[in-house]
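Input: a single structure, listed below in structure tokens.
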Amino acid sequence: MNADPLGGLTGTFSGRLVTDPEAMAPFLVDWRGLWRGDALAVVQPDTAADVATVMRWASSTNTPVTPQGGNTGLSGGSVPEAGGRGIVLSLTRLNRIRRVDPVNNSMTVEAGCVLAQVQATADEADRLFPLSLAAEGSCTIGGNLAANAGGTGVLRYGNARELCLGLEVVTPAGEIWDGLRGLRKDNTGYSLRDLFVGSEGTLGIITAAVLKLFPRPVARVAAFASVTSPHEALSVLTLLQAKLGDGLTGFELMSDVCLDLVREHVPAARLPVETGGAWYILLEVSDLASEERATAGLQDALMAAYEAGHLIDVAFASSLAQTQDFWSLRENISEAQSAAGKTIKHDIAVPLSDIARFIDEATSAVLARHPDVRLVIFGHMGDGNLHFNMSPAPGEAAATFLARQDDINRIVHDLVASHAGSISAEHGLGVLRREEAARYKSPVEIEMMRSIKTALDPAGIMNPYKVLDEPLQARRSS
């Protein structure tokens, strides 16, 4: 056995090589504390060339590599396996803004840039980078792209894949692919960019990206409304899209249970409407011309929805601070649910036309088998993405509640499949949904994914045991 398994790596790159167990510990566990792994070291290179050096060493020594950004994921994709003898390759030191091009409406950033930093840099150039999610103060753009993150702006701007023009990627063999092109059109072959976006670090390492920018809106106007059901919420969405077009940039759905949890665990939280309902919607309109036009358009559209009987009550934000208060109700749901105890989470997507019916069917099916669980349902209704979650019954022991998880997962995900939906809309498969994905994907789809993995990572060293149900080495040795 090699007495020093890192001997060939030490001193070959600029950056940090962390082997102290205490210093490594934060990199070996996900932020929810659900997955813990082991590694020989945490490697933090300074440049893409350094990443390539590390990957050449890993390839020559057949050492597994777990790429990691801000380690804010919800599916365990950035944590090495327990008992692993690989390395964690942290990209956080690759944090330079390489270029901002306001004329081309693009910016080139390194993978370790924190999302909030990217947003702020775009803002300084009088532009908007619209990707926005709760972890934006700590998640990195490389991780956002590797997971194809969604967030609150997908309705208008699309998810991370649609916000990316080009990539720089280090391959498992340690070569650098320079695909940093700021082009909207490029039909010169296969879209390699789209292979790596959403691949969760299993095909290569994203080290930089060209991102799309947009004109910065002059106005953001929000409203908060109560409705009787998701069906009425869907009617409101359809009406607003017809009247406001792509000016409607956000449309979120929340059950009353969600807001009860937030008000219980966030003392400053207040319900904006006087008359509550079983469900609530939060919507936002952006305008490039004026706040007056945005406000008038939103008020007219919601008045039409009210007169049509779709709304119980509505409140309009009168200031940016009030808009932020509205959004804080939505953004604090996950934290409030965690504060209330263990959770069973689902990040699903169904066609928008099916979403209200899916909620009805999934609610009935879960409660028929588990009548005492607390359903915590919320999400980005505008793009068909729901977080269909559960909390334990009052006083229920955590172990008893979590013992229900496999059965509940099967109920929810079977219904998702029956609606031609996805069991992972924006969180990725990681290890959390890896085996379930194999159940719901066709053999043809799985084999095509394996073929891509084999072609790009023949040694199977990239983020093993993620996305696919086993690393390539295990397949070949069986």
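Values in this text are rule-based calculations from the coordinates and carry no lab data. Note that the coordinates shown come from a computational prediction; the quantities given were computed from them, not determined experimentally. In this analysis, Cβ positions are derived from the backbone assuming ideal geometry, glycine residues included, and neighbour counts consider all displayed protein chains.
Kirkwood radius for the stretch 341-435, taken over all pairs of different Cα atoms as the inverse mean of 1/r, rounds to 13.5 Å.
Taking packing as the residue-averaged number of other Cβ atoms within 10 angstrom, the listed peptides 318-329, 29-40 run from highest to lowest as 29-40, 318-329. Considering only beta bridges that DSSP places wholly inside the chain, some 85 percent are antiparallel.
Distance between the pseudo-spin-label points of residue 296 and residue 82 (7 Å out from Cα toward the beta carbon): 6.3 nm. Projection of the Cα convex hull of the chain, averaged over all directions and equal to a quarter of that hull's surface, yields 23.7 nm². With the biggest extent put first, the Cα atoms of the stretch 15-90 measure 32, 23, 23 Å across the principal axes. Legend: calculated FRET efficiency, residue 365 to residue 399, from the Cβ-Cβ distance at R0 = 22 Å, rounded to 0.05, equals 0.40.
What FRET efficiency comes out for residue 246 versus residue 450 if R0 is 51 angstrom and r is the Cβ-Cβ distance? Round to the nearest 0.05. Result of the calculation: an efficiency of 0.85.
Mean residue ellipticity at 222 nm, helices only, the chain: -10000 deg cm²/dmol; runs of at least 4 DSSP H residues each add -39,500 (n - 2.57), and the sum is divided by the number of residues. Taking the Kirkwood radius as Rh and the Cα radius of gyration as Rg, the stretch 150-240 has a ratio of Rg/Rh equal to 1.14.
Applying 1/(1 + (r/R0)^6) with r as the Cβ-Cβ distance of residue 307 and residue 335 and R0 = 30 angstrom yields a FRET efficiency of 0.25.
Full extension of the chain segment joining residue 191 with residue 256 gains 19.1 nm, where the gain is 0.36 nm per residue of separation less the Cα-Cα distance.
Close amide H partners of residue 106, meaning residues 5 or more places away or on another chain with modelled amide H under 5 Å apart, are 101, 213. For the chain, the number of Lys pairs separated by eight or more positions or lying on different chains, with C-alpha atoms closer than 25 Å, is 7.
Phi angles across the stretch 81-87 convert, under the Karplus curve 6.51 cos²θ - 1.76 cosθ + 1.60 with θ = phi - 60°, into 3J(HN,Hα) values of 6, 5, x, x, 10, x, 10 Hz, Gly and Pro given as x. Reducing the stretch 279-298 and the stretch 108-122 to their Cα centroids gives an inter-centroid distance of 27 Å. For residue 282, neighbours were defined as the other residues whose beta-carbon sits under 9 Å from its Cβ, and their charges (Lys and Arg +1, Asp and Glu -1) total -1. For the pair the stretch 37-94 and the stretch 391-422, the centres of their Cα atoms are 32 angstrom apart.
Label zone of residue 38 (point 7 Å out along Cα→Cβ, amide N under 14 Å): in the stretch 68-106 this covers 80-87. Reported to the nearest whole Å, the Cα centre-to-centre distance from the stretch 153-167 to the stretch 435-472 is 25. For the stretch 219-332, the equivalent ellipsoid built from the Cα gyration tensor has semi-axes of 22, 17, 11 Å, listed from largest to smallest.
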